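First comes the structure, then the notes that go with it.
The values are calculated or read from the model by the stated rules, or taken from the named source; none is laboratory data. Just so it is clear, the model here is predicted, and its values are computed rather than measured. Because the Cβ atoms are built from the backbone with ideal geometry, glycine has one as well, and the counts that use them run over all protein chains shown. These area figures cover heavy atoms from the full protein model, side chains too; ligands, DNA and RNA do not enter into them. Shrake-Rupley method; radii C 1.70, N 1.55, O 1.52, S 1.80 Å.
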Protein chains: 2
Amino acid sequence: MALHHVTLSPSLRAVDVPTGTLLAEAAAQAGQELAQPCGGQGRCGRCAVLVEGSGFRRRSSLRLTAQDLADGYALACQTVVEGDLSVIIPPQEQLRRVLVTDRVAARAEVPLAYDPSTMQSLHLMKLALPEPSLEDNRDDQARLLAGLADAGHPSPTVPLPVLRRLGPALRQAAWQPWVVLEQAEPSGPSRLVDLAAAPQRPLGLALDIGTTTVTAYLVHLGTGEVLAQAAEYNDQISRGEDVVSRIIYATKEGGLVELGALVRRTISTLLERLQLRTGIEPREILKATISGNTTMAHLFLGLPPAPIRLAPYIPTVNHPAPMTASELDLPIHPQAPVDILPGVASYVGSDITAGAVAAGLAEAEVLTLFIDVGTNGEIVLGTREWLVTCACSAGPAFEGAGVVDGMRATEGAIEEAWIHSSTFEPTLRVIGGGRPRGLCGSGLLSLLAELFVTGVIDRGGHFKMDLDSPRLRLGQHGPEYVLAWPDESATGRALVLTKVDVDNLLRAKAAIYAGFTVLASRVGVDLADVQQVLIGGAFGKYLNVEKAVQIGLLPDLPWDRFTFLGNTSVRGAHMALLSRDSRRSIADLAARMTYIELSADNAFYEAFTAALFLPHTDIRRFPSVAEVWERENGQRLSPQAAEIRS
Amino acid sequence: MALHHVTLSPSLRAVDVPTGTLLAEAAAQAGQELAQPCGGQGRCGRCAVLVEGSGFRRRSSLRLTAQDLADGYALACQTVVEGDLSVIIPPQEQLRRVLVTDRVAARAEVPLAYDPSTMQSLHLMKLALPEPSLEDNRDDQARLLAGLADAGHPSPTVPLPVLRRLGPALRQAAWQPWVVLEQAEPSGPSRLVDLAAAPQRPLGLALDIGTTTVTAYLVHLGTGEVLAQAAEYNDQISRGEDVVSRIIYATKEGGLVELGALVRRTISTLLERLQLRTGIEPREILKATISGNTTMAHLFLGLPPAPIRLAPYIPTVNHPAPMTASELDLPIHPQAPVDILPGVASYVGSDITAGAVAAGLAEAEVLTLFIDVGTNGEIVLGTREWLVTCACSAGPAFEGAGVVDGMRATEGAIEEAWIHSSTFEPTLRVIGGGRPRGLCGSGLLSLLAELFVTGVIDRGGHFKMDLDSPRLRLGQHGPEYVLAWPDESATGRALVLTKVDVDNLLRAKAAIYAGFTVLASRVGVDLADVQQVLIGGAFGKYLNVEKAVQIGLLPDLPWDRFTFLGNTSVRGAHMALLSRDSRRSIADLAARMTYIELSADNAFYEAFTAALFLPHTDIRRFPSVAEVWERENGQRLSPQAAEIRS
């Protein structure tokens, strides 16, 4: 079969592939990762590349304009190689690895009053065994088990790899071995993790596997403290930016295995970085606790996730049994216990249960709303007495996907925008301080709020095209607002927010607000009675509450009721890594939570429709927003948005 | 580095190796296995090959005569390659694979009154689970476990590989899956082995891993019957013929892994042969039970065996925990439970405990002696009330090793010999009927008895060189008896039994008889009071009781007290595979047996010395032998051998 030579610029990587190879696959073979937020479905248009030569065929060009096609653009996921090709990858489509959370992470505190002797499931101890003789010729295992029984640990299991080292280790230790033992519950079964002639350090790993970001804490299990932390984009991003795209990708042949390998690559990267900072080799880590949403847990475990996205949305497992690192191919100590924390349902995973415990929900005495806005939006409402939870498929709009000039929060992203209320000229804050390349989530949110408050868009999200500003124009996708002219941007093209983008953002914020509404009405409480709003997730860290309320993403409550907690998921994993009590709290909370499936709920659809306006159909829910708008615009807002529908 | 070309005749295999490569290693690389009974120590002389050319260097030539060296013989295990070589491998040193036990095996019977519903630990059942819905959205694992709890199997563990198939399998089965569950004890923990849309056949494997022979029964667990059986030489033989040689080989770098791979190759061969006969693929086998001596168990488990041969002779484990086929790299169903039966000590393994149960020792009402003479000799004495056991390092002399013209029981082996009492001419029975190539165990035993009874050798094993026969002569190794002249043999060389050979055989039989003596005296019984002698092991099958008594290998009891049971080890494994009761009997018996370590016993050394004569120092122990000898020789035997010492 003839091979075709494909070169990729600017990396100058090259690969030879047979006729019919997908361009995205050719790039992957050449070691050049391309963003595929939609999972290679041709829907998102993010893998558009410039192709020189004629040796290719487009299967679909849904997201490309006539001009794009004339310029030579093609979607890598929808184009097959039929001859030698030269491919130019636009800068934004090359995945950049600059994660703000990693660079600016605050030192993590020990999250509880930690007493390892009563709380920790991992035990390190030295045994003094009698030497064998012709009179006492018990086998090595029997001798060891008798010693452990004397130390209060009867009948642990001895895995075969440990058994294989048992004889040499006991003799090397002159019958005084150091032993590592895992016992999840004080009177439950135990398992030998390791034994050696020298003591080992009690080291653990708390891991949060997020759809977008994977976060790792390297923890000293003697003191509980975090020795080092690291965060990195999940390498799976290149195969789909949200969980649904990943699930679709996983159903492709080899897709599940590939996604499993990608997240392991990310974890290996994190472990290498932790080693650079501490000198601790990954194989020294003796225990791991993992939180993550249900899809991430399935992909990590290698469980086919397809049923998660099909009614009635059934995962394979919410409460995985304890495993070992070797069976999970996690490159820490092969016999290290790995605890994947329990979740509630397909769309409320252990990132939420662990996060809720870290946020203090298990002890909340007042009505509390806990939100984790990541790629998905999960919500928990309740007190220590009762909890209801739901998930809103907000989609990745607030992470820059599905938006023409959206991007992640890396260098060149506009992270905040202000609009002048009479000239409608923008002022931008750009990550890194250079020229803007696109808008990240917080930038999109603040821009939308500004456009609304200054009257550039109406409550339905329509641009007021009759305003006197060159920034408002009709673009290829309809009405749009120009944030940066071609000579102001880093790309040489104008940066815009289109009507289509606004609609995507409205749907995202409406989904989350509708979740609040449904949960509150299900249990018969008023959102206004919520005493504290706890916001987890990486997105929450950069959220401007005022603007989030202005667009109706968050309920209109006094600002002092909002608390930003950052990554609650990894903090919950840290707690469970340290304490059997915390571990039990998470399981209890998972069992107690009432899950409400919104996709099957007519009330949700009504609430969603009502929330598609700025800030909401019913302005009485957002008195502070009405006040700001009326001050800026010098007129009263009509109480019902329906009346102003265009 | 320069490579040298080594060709091997008659196979015409060839290989290129660097300077310094052991010839045995070069042959192995070329795929030509060489016998190395002593484990490559240069002691046995069995790997002697003819080398043409000068590109080699002998490190040791202990077992070669000056003539051998002049003829170009070299020991493959002691010779390094230093140039291009042509190597001729004598026929006897090419391992032949003709195992009599496999060809003539009788149909194995179901060894007990088998009721799978109460006895079998493996359960196959069909579940009818409620279909999931938005109202009943339990995860797949919770749904399955609830169904199993309803069926009387609460809380089985679900291994990760099964969890990975769980979602697709449940849906393919339309929520009515067939489940395979293992539960070793009625109220103990259970484990999911498999689940599928269609029922699976209940198939099990009973395996006896012997030092010389590996035997497999493919068993239907519904009826208990043996669907097919197969036996094959243990491929480890090429790395040492007895357990001590294997242990030494295992301590070489990579030796343990290599021995593990070799026995797995043998098992794979057996599984292929069972598949040819039954059409059953190895992966359909859902459970395995394994017996074998302690060293074989260690090598199969990958446990370093070195301490087994060093005082105080401590194995890593006598009672291995249940394992799965995948962790043992056994090519049956990966999740199949694999039960390695419990042994007693380093030299009394589960071949003896399982064999003793199969022989009925657990219920014996009369004083019983159970012997398993294989490469080692293990002995059990007692009744259902009490049992003592020991192991005698008989060595492999009765298997043809350590004897100049010894060989295994394959084509060309003399299996029986008779000596004319006045001409001293031999009559031989040869396996296959052709010209003799050497002597196998039963041939050696019968020849020794004949030489003694006809007066060719005296009670001390000395040849009576003054007898009028050309068959008695002084050879390279001292006095010898010529069994076949060069023109009568298949090798073109004379076949002889030397004084050194006789001494080796005397040591072997004396070790076993001394074992009887010590066990009996330890518990204060007389060997003459033994009511039944049960003989297991492949060797036992071909043993001529009369001749075994004549040389003093077996005690002089009425012949009707002897019973040959063949391979009791695999029959015990078959019983344990079927029945939890039998499995428990074996464990109970292993726990009840009192092990006597002979190497630490002065009484053993005395008894051994006393038994180094034919049939014994004290002829009063062998009245029937005295009678035969006196009839043949026309004179009385002196009661104490010491008196006739030369």
Taking the chain alone as reference and the full protein assembly as comparison, with a 1.4 Å probe on protein heavy atoms only, the residues of the range A:118-149 that lose at least 50 Å² of accessible area are A:Leu134, A:Asn137, A:Asp139
With +1 at each Lys and Arg Cβ and -1 at each Asp and Glu Cβ, the charge dipole magnitude of the range B:473-608 around its Cα centre, to the nearest 20 debye, comes out at 500
Among residues of chain A, the one whose beta-carbon sits nearest the axis that rotates A onto B, given with its distance in integer Å, is A:Pro189, 4
Dividing the helical contributions, -39500 (n - 2.57) per DSSP H run of n ≥ 4, by the residues of chain A yields a 222 nm value, nearest 500 deg cm²/dmol, of -9000 deg cm²/dmol
With all protein chains present and a 1.4 Å probe, the order of B:Ser291, A:Ser86, A:Ser393, B:Ser326 from largest accessible area down is A:Ser393, B:Ser326, A:Ser86, B:Ser291
Expressed in nanometres to one decimal, the distance between label points 7 Å along Cα→Cβ at A:Gln176 and A:Glu258 is 5.6
For the protein assembly as shown, the accessible surface attributable to carbon and sulfur atoms (probe 1.4 angstrom, ligands and nucleic acids excluded) amounts in percent to 51
The ³J(HN,Hα) series, computed from each phi in the range B:547-555 with the Karplus coefficients 6.51, -1.76 and 1.60 at θ = phi - 60°, rounded to the nearest Hz and given as x for glycine or proline, is 6, 5, 6, 4, 8, x, 7, 10, x
The range A:332-478: relative contact order from alpha carbon pairs under 8 Å, six or more residues apart, as a whole percent, is 14
With label points set 7 Å from each Cα along the Cα-to-Cβ direction at B:Arg435 and B:His462, the distance between them in nm comes to 3.6
Taking r as the C-beta separation of B:Val523 and B:Ser638 and R0 as 35 Å, the FRET efficiency to the nearest 0.05 is 0.70
Plugging the Cβ-Cβ distance of B:Arg592 and B:Glu488 into 1/(1 + (r/R0)^6) at R0 = 56 Å yields, to the nearest 0.05, a FRET efficiency of 0.60
Non-local residues with an amide H under 5 Å from the amide H of A:Phe56, with H modelled 1.01 Å from N and Pro and chain starts lacking one, are A:Glu82
With +1 on the Cβ of every Lys and Arg and -1 on the Cβ of every Asp and Glu, the dipole magnitude of chain B about its Cα centre, in debye rounded to the nearest 20, is 520
Sorted largest first, the Cα spans of the protein assembly as shown on the principal axes come out in Å as 141, 65, 51
Put A:Asp501, B:Asp458 in order of accessible area, largest first, probe 1.4 Å, and you get B:Asp458, A:Asp501
Site B:Ala14, offset 7 angstrom along Cα→Cβ, radius 15 Å on amide nitrogen, limited to the range B:71-86, gives B:84-86
Reduced to Cα centres, the span from the range A:589-623 to the range B:492-534 in Å works out to 89
For B:Pro199, inter-copy label-point distances (7 Å, Cα→Cβ), nm, shortest first, read 5.9
Taking a probe of 1.4 Å and leaving out DNA, RNA and ligands, the range A:528-638 shows per residue an accessible area in Å² of 41
Scoring the range A:277-364 by relative contact order with C-alpha pairs under 8 Å, at least six apart, yields a percentage of 35
The farthest towards the positive end of the charge dipole of the protein assembly as shown, of the residues B:Leu445, B:Pro486, B:Ala151, given +1 on Cβ of Lys and Arg and -1 on Cβ of Asp and Glu, is B:Pro486
Going residue by residue through the range A:624-632, the Karplus relation 6.51 cos²θ - 1.76 cosθ + 1.60 with θ = phi - 60° gives ³J(HN,Hα) values, rounded to whole Hz and with x marking Gly or Pro, of 5, 6, 4, 4, 4, 4, 5, 5, 5
Quick calc, the protein assembly as shown, dipole around Cα centre from Cβ unit charges on Lys, Arg (+) and Asp, Glu (-), nearest 20 debye, gives 880
Non-local residues with an amide H under 5 Å from the amide H of B:Ala409, with H modelled 1.01 Å from N and Pro and chain starts lacking one, are B:Gly441
For B:Asp560, inter-copy label-point distances (7 Å, Cα→Cβ), nm, shortest first, read 10.7
Residues meeting the amide H criterion for A:Leu85 (H placed from the backbone, H to H distance under 5 Å, 5 or more places apart or on another chain) are A:His5, A:Val6, A:Thr7
Given a Förster distance of 35 Å, the FRET efficiency implied by the Cβ-Cβ spacing of B:Asp581 and A:Asp329, rounded to the nearest 0.05, works out to 0.30
Relative contact order of chain B (C-alpha contacts under 8 Å, at least 6 apart) in percent is 11
Per the C-alpha gyration tensor (a ≥ b ≥ c, the square roots of its eigenvalues), chain B is rounded if a/c is under 1.5, else prolate if a/b beats b/c, else oblate; here it's oblate
Between chains A and B, total accessible area buried, probe 1.4 Å, no ligands or nucleic acids, nearest 100 Å², roughly 2800
In this structure, among B:Lys464/B:Lys547; A:Lys252/B:Lys287; A:Lys499/A:Lys547, pairs with alpha-carbon gaps over 23 Å are A:Lys252/B:Lys287
Charge tally for neighbours of A:His153 with beta carbon under 11 Å away, counting Lys, Arg as +1 and Asp, Glu as -1, is -1
Label model pair B:Ser133, A:Ser155: point-to-point distance (7 angstrom along the Cα→beta-carbon line) in nm is 4.2
Descending accessible area (1.4 Å probe), largest on the left, turns B:His220, B:His5, B:His153 into B:His5, B:His220, B:His153
In whole Hz, the Karplus estimates of ³J(HN,Hα) for the range B:562-576 (6.51, -1.76, 1.60; θ = phi - 60°; x where Gly or Pro) are 8, 10, 8, 10, x, 7, 6, 5, 5, 5, x, 5, 4, 4, 5
Reported to the nearest 10 Å², A:Arg584 has, with a 1.4 Å probe, an accessible area equal to 90
Once the dipole of chain B is set up from charges on Cβ (+1 Lys and Arg, -1 Asp and Glu), the residue from the list B:Val373, B:Thr498, B:Ser624 lying farthest towards its positive end is B:Thr498
With one decimal in nm and the nearest listed first, the spacings from A:Gly524 to its own position in the other copies, using label points 7 Å along Cα-to-Cβ, are 8.5
One finds the C-alpha centres of the range A:129-183 and the range A:249-316 to be spaced, in Å, by 34
